[in-house]
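Below is one structure, written out as structure tokens; comments come after it.
The values are calculated or read from the model by the stated rules, or taken from the named source; none is laboratory data. The model shown is predicted, which means the values in this text are computed figures rather than measured ones. Neighbour counts run over all protein chains shown; Cβ positions are idealised from the backbone, glycine included.
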Amino acid sequence: MKKILLCSAVLFCSLCTGAQVSYGVMGGLQQIDARVKVFEGPVVPVKPGYGLHVGAFLKVPFDKNLYFVPQLLYSLKGFTVQYNDVLRDSVANNTLGIHFIEIPALLQFDTRNNGEGLFFQFGPSVSIAVAGTDKKNFLNGKEKKTPMKFANTAYGRFEMNLVGKIGYQVKDKWFVTGGYAFGLGNIVNDDLSPGIAPRMITVSAGFFFPGKL
């Protein structure tokens, strides 16, 4: 992971050298779902949850209508896994709420070369969990809420996603996007625990600051 981040930083610095870089802030809402599969067992239903994201971005010219758009976001993700005692531990459902630092590294293609109109974004995103809550509701009506545990035999801190977005931009002033993030891996490190691969629908808006870097 450190090598990936280092290579991304080197690529970013090389792209920014001599480029007229636009920058700004963005934020929005998101609906989070997940695919949950019990080890040697069934797929478990999930009730989608909602969250938000907010942060900053750069728009770096790359080639004609193609741009590199790195982002740095705070992202809150949550959903409820409806176990219904499938693990034989009396857990009816398990609600997770996770706070992430998210780093999308997207390529953007503008359909017009004047900075206005439709655009498309695609690329990977790395999320780093910094905290979270783990709330369990039991069949007997009791509830237990604890901080999420991140360890080799618990939840993992890193999440990888493949992101696709479509948006509309008005000059270098503001933009709106709608997108989908597909989880590429399991956020649970323990191989014997249920595997959880989140998926997310996002709606975002942002604006550019005047001038260039």
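Assorted remarks:
- Here Leu139 passes the criteria (1) under 22 Å from Ala92 (Cα atoms); (2) hydrophobic (A, V, I, L, M, F, W, C); (3) modelled with pLDDT of 95 or more except the one numbered (3).
- Among the candidates Leu73, Leu96, the residue that is surrounded by 18 or more Cβ atoms within 10 Å (Cβ to Cβ), in contact with a His (Cβ under 7 Å, 6 or more places away or on another chain), under 30 Å from Lys135 (Cβ atoms) and not small (Gly, Ala, Ser) is uniquely Leu73.
- Segment 181-213 - residue that is crowded, with 17+ Cβ neighbours inside 10 Å and β-branched (Val, Ile, Thr) and, of those, farthest from Phe119 (Cα to Cα): Val188
- Residues of segment 52-70 satisfying the condition of being basic (Lys, Arg) and surrounded by 18 or more Cβ atoms within 10 Å (Cβ to Cβ): Lys59
- Residues (assigned to a strand (DSSP E or B) and more than 22 Å from the chain's Cα centre (by Cα)) located in segment 45-96: Pro61, Phe62, Asp63, Leu66, Val91, Ala92, Asn93
- Here Leu106 clears all of (1) assigned to a strand (DSSP E or B); (2) of a type outside the set (D, E, K, R); (3) out of contact with any Leu (no Cβ under 9 Å at 6 or more places or on another chain); (4) farther than 21 Å from Gly24 by Cα except the condition numbered (4).
- Identity of the residue in segment 165-183, part of a loop (DSSP other than H, G, I, E, B) and touching a residue at least 40 places away in the same chain (Cβ under 8 Å), that ends up nearest to Phe150 (Cα to Cα): Asp172
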